[in-house]
There are 4 protein chains.
Amino acid sequence: MFEALVKHLEGVPHTSIRLREKNIRPIHDQRHDEGGFDTVVDDYDEVTEAVLSHDFLIFSTPIYWYGMSGHMKNYVDRWSQSLRDKRYSFKESLGQKQAYVIATGGDQPRLKGLPLIQQFQYVFSFVGMPFAGYIIGEGNKPGDVLSDLRALEEVKIFNEWLKAKQ
Amino acid sequence: MFEALVKHLEGVPHTSIRLREKNIRPIHDQRHDEGGFDTVVDDYDEVTEAVLSHDFLIFSTPIYWYGMSGHMKNYVDRWSQSLRDKRYSFKESLGQKQAYVIATGGDQPRLKGLPLIQQFQYVFSFVGMPFAGYIIGEGNKPGDVLSDLRALEEVKIFNEWLKAKQ
Amino acid sequence: MFEALVKHLEGVPHTSIRLREKNIRPIHDQRHDEGGFDTVVDDYDEVTEAVLSHDFLIFSTPIYWYGMSGHMKNYVDRWSQSLRDKRYSFKESLGQKQAYVIATGGDQPRLKGLPLIQQFQYVFSFVGMPFAGYIIGEGNKPGDVLSDLRALEEVKIFNEWLKAKQ
Amino acid sequence: MFEALVKHLEGVPHTSIRLREKNIRPIHDQRHDEGGFDTVVDDYDEVTEAVLSHDFLIFSTPIYWYGMSGHMKNYVDRWSQSLRDKRYSFKESLGQKQAYVIATGGDQPRLKGLPLIQQFQYVFSFVGMPFAGYIIGEGNKPGDVLSDLRALEEVKIFNEWLKAKQ
């Protein structure tokens, strides 16, 4: 899906980040510790700074066990830390962006991926970031999704829309 | 929630595993690589062997960003590896167990936690493991949940049921 | 469920309305007709006036085909008419109430009844009426639900809460 | 949506039934009455006989209050009666068909219409009828949906697929 997407993004300036190539620790939940969160030395800040410097965020994930990948969940969980991080106006900043979801799975994703879409709905709503839309693609092996004509058509429409709004 | 639960589990032989104290890598998705999955050296096998040696599994998680914790997601994602691991009859073994979910969150968890319950429903269904039930508790800070009288009452009923089925 | 509920409501002044004993027409959708909605002669107004004169609304329904009963759906659909009815400040009035749902079904209602709970969530949210909670009971035949100890316990807690808030 | 759909169905033999033009009573739930269900004199049988004589069923409904229309709910609720009707092998017959859903709504239907899709998923699953897919269109007033380019494109793909499978 990601590949089909990126191909279409030609002509739209964008940054592509592969979370699975980043080192991002699961959250150590210190929301209620006296001293707050300890500094974590990993790639989280680098990714977050890229996120904060863009207007439109596409969350592209394989559907693993009917949810986002653990890599992405680890990243999103860490937002709890950024919400308390004085370097950022994290929530305010996200609230001025828009979010889009691209999810691909092999087991009836247009039905069994719906709880994941609803989860993203709450995530984006919590930070006040409009949920501009989503595409669910079907495929198990890499490349499979290229046979999902409906998803490919949706990617095309999405990209035209993205280009028009520049 | 976990604390309230464990207190009630007195008299029910059980093993308690805290995933956040374990080192479990996010999955490196090699399902479609020629040689299959590489061996990963971390605590995954130890946890999985404990899981496989019990009849009844309680998945207890804080609701982080409307999903299970990244720690738990990392663990569950790795099941894809165990499904292909010749040492285990992973799916068959899980299919003879029962699963229960205890989830606690601070933002209207009995509504906004429902996509998570639905996700677990698909996860358990995929491996053929009956979903015996779930309890959703409300609370933000550790200990908060002790004011959620309904959840505490449900934990009590659940524990009586657990004791009776031994 | 309804019976268990009403028994517990002793001591809480309330009005009980059985929609299946009322004659309420499905909506004739004239939202976009020039002259608006035609007057409908049935029991809708009588029920709505009772609804508007109470502070707390309990929507109690069997789960039929994973949704509310057609009787209740017909009633709720007609709200679209009341939203445009100059006799009422319908939305403002509902926004000052609270809503609760009691739903009973025979086919894994605590899982398969969740889309219904999510539907109610959107319904109440649309009119700005806080969703105070819900109870899902299990039972097929009338009376079955009396064996659902967890639901009965929840009804008890709910009733104590209702009494305390008077 | 319905209009856009029917236009594309040219060349696919089909029967179009408008439930709102039919007289179908809400169910009188006599599942547990000794004598079973009383005969109801309305248009239900006529519609059901048309349903049973086709291979592919498209449930097209406006999204009213985040669910199917009361007209459609009344119809589906009555299936409980047909399941016990000796004239039909109702479940077996539906199990040999396929179902598709077309739903249109004005309030973020691709998000807030998801519980309705999940409800249909359980309905079809109960009778063993494969859920071939769904399209969610956005629009409030009649005709609005013709501006929803994505939904229109999906209708086109759906119709090509329908034609190819004849």
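The values are calculated or read from the model by the stated rules, or taken from the named source; none is laboratory data. What you are looking at is a predicted structure, and each value in this text was computed from that prediction instead of being measured. Methodologically, a virtual Cβ is constructed for each residue, glycine included, from the backbone with ideal geometry; neighbour enumeration extends over all protein chains shown. SASA here: full protein model, heavy atoms, side chains in, ligands and nucleic acids out. Shrake-Rupley method; radii C 1.70, N 1.55, O 1.52, S 1.80 Å.
Here the spin labels are modelled as points 7 Å beyond Cα on the Cα-Cβ line, and at A:K86 and D:K91 they lie 6.5 nm apart.
Return the Rg/Rh value of the protein assembly as shown, two decimal places, where both radii are evaluated on C-alpha atoms and Rh is the Kirkwood radius. Taking Rh as the inverse mean 1/r over Cα pairs, Rg/Rh reads 0.95. Taken along the Cα-to-beta-carbon direction at a fixed 7 Å, the label points for B:L52 and B:E3 span 3.5 nm. This model, with +1 at the C-beta of Lys and Arg and -1 at the C-beta of Asp and Glu, gives the range D:9-78 a dipole about its Cα centre of some 360 debye. The residues packed around C:S53, meaning those with a beta-carbon under 15 Å from its beta-carbon, carry a net charge of -3 if Lys and Arg are +1 and Asp and Glu are -1. Taking a Cβ cut-off of under 14 Å around D:P13, the surrounding Lys, Arg, Asp and Glu residues balance to a net charge of 0, with basic ones at +1 and acidic ones at -1. When the solvent-accessible area of chain D is split by element, carbon and sulfur atoms take up 48 percent of it, the probe being 1.4 Å. Indicate the gyration tensor shape class of the range B:5-58 (rounded, prolate or oblate), computed on the Cα atoms with a ≥ b ≥ c the square roots of the eigenvalues: a/c under 1.5 is rounded; otherwise a/b larger than b/c is prolate and the rest oblate. Cα axes put the range B:5-58 in the prolate bin.
Using a/c under 1.5 as the rounded threshold, could you call chain A rounded, prolate or oblate? The axes a ≥ b ≥ c are square roots of the C-alpha gyration tensor eigenvalues, and prolate needs a/b larger than b/c, oblate otherwise. It is prolate, given that a/c is not under 1.5 and a/b is the larger ratio. The mean count of C-beta atoms from other chains within 10 Å of the C-beta of residues in C:132-145, rounded to a whole number, is 1. Could you tell me whether the range C:91-166 comes out rounded, prolate or oblate from its Cα gyration tensor? Rule is a ≥ b ≥ c as square roots of the eigenvalues, rounded for a/c under 1.5, then prolate if a/b exceeds b/c, otherwise oblate. Oblate shape, in that a/c is at least 1.5 and b/c is the bigger or equal ratio.
Leaving ligands and nucleic acids aside, the A/B contact buries around 3000 square angstrom of accessible area in total at a 1.4 Å probe radius. Counting charges near C:K22 (Lys, Arg +1; Asp, Glu -1) among other residues having Cβ under 12 Å from its Cβ returns a value of -1.
With its label point defined 7 Å out from Cα along the Cα-to-Cβ axis, A:P13 lies at 5.9, 6.6, 6.7 nm from the matching points of the other copies, in increasing order. Projecting the Cα atoms of C:H28, C:S16, C:Q121 onto the charge dipole of chain C (Cβ charges, centred on the Cα centre) puts C:Q121 farthest toward the positive pole. For the pair B:R31 and C:T39, what calculated FRET efficiency results from E = 1/(1 + (r/R0)^6), where r is the Cβ-Cβ distance and R0 = 51 Å, to the nearest 0.05? After rounding, the FRET efficiency stands at 0.25.
Averaged over peptide D:117-129, the number of partner chain Cβ atoms lying within 10 Å of each residue's Cβ comes to 5. Cα centroids of the range B:7-48 and the range C:121-136: how far apart, whole angstrom? Rounded to whole Å, the Cα centres lie 38 Å apart. Each other copy places its own label point for A:K86 at 5.9, 5.9, 8.2 nm from this one, sorted shortest first, where the point lies 7 Å along the Cα-to-beta carbon line.
The charge dipole of the protein assembly as shown, taken about its Cα centre with unit charges on the Cβ atoms of Lys, Arg (+1), Asp and Glu (-1) only, comes to about 0 debye. In the assembly of identical copies, B:K156 has its label point, taken 7 Å from Cα in the direction of the beta carbon, separated from the corresponding points by 0.8, 6.2, 6.3 nm (ascending, one decimal). In a simple Cβ point-charge model (Lys, Arg +1; Asp, Glu -1; nothing else charged), chain C has a dipole of about 300 debye relative to its Cα centre.
Computed over protein heavy atoms with a 1.4 angstrom probe, the accessible surface ordering of D:R78, B:R31, C:R150, C:R84, largest first, is C:R84, B:R31, C:R150, D:R78.
Can you tell me the relative contact order of chain D? Whole percent, Cα pairs under 8 Å, sequence separation 6 or more.
That works out to 25 percent.
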